[in-house]
Structure formats: structure tokens, C-alpha cells
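First comes the structure, then the notes that go with it.
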Amino acid sequence: MFSRLFARTIEVSAHCDLPCGVYDPAQARIEAESVKAVIQKALDSDDADFRTRAVIIKEQRSELVKHHLWVLWTDYFKPPHFEKYPQLHQLVNEATKLAGASGTKGTLDIDVADQLLAKIDEIATIFWETKKA
């Protein structure tokens, strides 16, 4: 028992808590595509009740976009990624703001949804480059 207590320790490190296959920016993109589609449906409708339901769904999906981006930012991306891609912090910040109250969560502007999708694509490009390494 004491031999294990005083045994040499070995330093180990892992890239992530679980196998990396659980992380994928596609989850954020799918929700952002839903946000854009709901915005379009709301804009195309004259039914006030339908528009109210659409806005609620859009807000929920926008929140999910933020969640998936934050999971990538906090759980997948590590210091070596931020060193190699110094724009990554800013990119995730801009994307989450585009999904937030001043973005798709708070507007029915299709252009904002397109901007969000473009930011997610930039993050995805970096993500897939890190997976090759």
C-alpha cells in the first residue's frame, strides 16, 4: 500500500475529456440553419400567433447555437489551438454575439443569420484543421 503512495508519478495529458469525436461545429451550424429558416417563415407569415411561436423557437435555437459554440471553445479548443489561431477567441466571441440578444436571438434579420453562419464556417475551418494535426 505504501509503495503505491510513494511511487513515482507520471505526468500525462489529454487533448479533451472524452474522445474528440464528440465535438463538432456541425451542431452549431444545424441550429443556426434552423434559426435562419424560422426567421424566413416568420417573415413570410401574416399570422401573429404563428410569428410569436416562430420567435420563441428562434430564440431557443439561438441559445443552442451559443451553447454548442461555448462547448467547442471551453472543452475542445486548447491553448495550442489558441496559439496557432490567435483570432479564435475573437471569432467565437463574435459568433456567440451574433447568436445572442443583439443577434439572431433578438432580431428577424436574415442578414444577421447569414453572418452567424459565416462565423460558424470560419470556426469549423479551424476546427477541422486542428483535427488533421
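The values are calculated or read from the model by the stated rules, or taken from the named source; none is laboratory data. Since this is a predicted model, take the numbers as computed values, not measurements. Here the Cβ positions follow ideal geometry from the backbone for every residue, glycine too, while neighbour counts run over all protein chains shown. The area values use the complete protein model at the heavy-atom level, side chains included, leaving out ligands, DNA and RNA. Shrake-Rupley method; radii C 1.70, N 1.55, O 1.52, S 1.80 Å.
Restricting the first residue to segment 107-133 and requiring it to be in a helix (DSSP H, G or I), which pairs with a second residue that is open to solvent by 40 Å² or more (accessible area, probe 1.4 Å) and among the acidic types (D, E) meet a Cβ separation below 8 Å and a spacing of at least six or different chains?
Note: pairs meeting the criteria are L117/E33; K119/E94; F127/D24.
If you check every pair at least six apart or on different chains, which have Cβ atoms under 6 Å apart with a residue in segment 84-103 that is free of Cβ contacts under 8 Å to residues at least 40 places away in the same chain first and a residue that is of a type outside the set (D, E, K, R) and surrounded by fewer than 18 Cβ atoms within 10 Å (Cβ to Cβ) second?
Cβ pairs passing all conditions: L88/F82; L98/Q115.
So, of the residues in segment 31-82 that are under 22 Å from E129 (Cα atoms) and of a type in the set (V, I, T), which turns out to be surrounded by the most Cβ atoms within 10 Å (Cβ to Cβ)?
Going through the qualifying residues, I end up with V65.
If you scan segment 97-106, which residues turn out to be buried (at least 20 other Cβ atoms within 10 Å of the Cβ) and part of a helix (DSSP H, G or I)?
Step one: filter segment 97-106 for residues buried (at least 20 other Cβ atoms within 10 Å of the Cβ), giving 98-99, 103-105.
Selection gives L98, A99, T104, K105.
Residue by residue through segment 75-133, note down the ones that are of a type in the set (S, T, N, Q) and under 12 Å from the mean Cα position of the chain (by Cα).
Pass one, segment 75-133, residues of a type in the set (S, T, N, Q): 87, 90, 93, 96, 102, 104, 107, 115, 125, 130.
Those that are of a type in the set (S, T, N, Q) and under 12 Å from the mean Cα position of the chain (by Cα): N93, T96.
Report yes if some residue within segment 110-119 is among the hydrophobic types (A, V, I, L, M, F, W, C), open to solvent by 60 Å² or more (accessible area, probe 1.4 Å) and within 24 Å of D44 (Cα to Cα); otherwise report no. Spell out how you get there, then give the answer.
Just the residues of segment 110-119 that are among the hydrophobic types (A, V, I, L, M, F, W, C), to begin with: 110, 112-113, 116-118.
With open to solvent by 60 Å² or more (accessible area, probe 1.4 Å) added as a condition, the list becomes none.
No, because not a single residue in segment 110-119 is among the hydrophobic types (A, V, I, L, M, F, W, C), open to solvent by 60 Å² or more (accessible area, probe 1.4 Å) and within 24 Å of D44 (Cα to Cα).
Kindly indicate the residue of segment 68-83 that is of a type in the set (F, W, Y) and part of a helix (DSSP H, G or I) and also farthest from I30 (Cα to Cα) among those meeting that condition. Walk me through it before giving the result.
Start the filter on segment 68-83 by keeping residues that are of a type in the set (F, W, Y), which leaves 70, 73, 76-77, 82.
Within this subset, residues satisfying the condition of being part of a helix (DSSP H, G or I) are 70, 73, 76, 82.
On the way: W70: 15, W73: 17, Y76: 18, F82: 25 Å.
The residue in question is F82.
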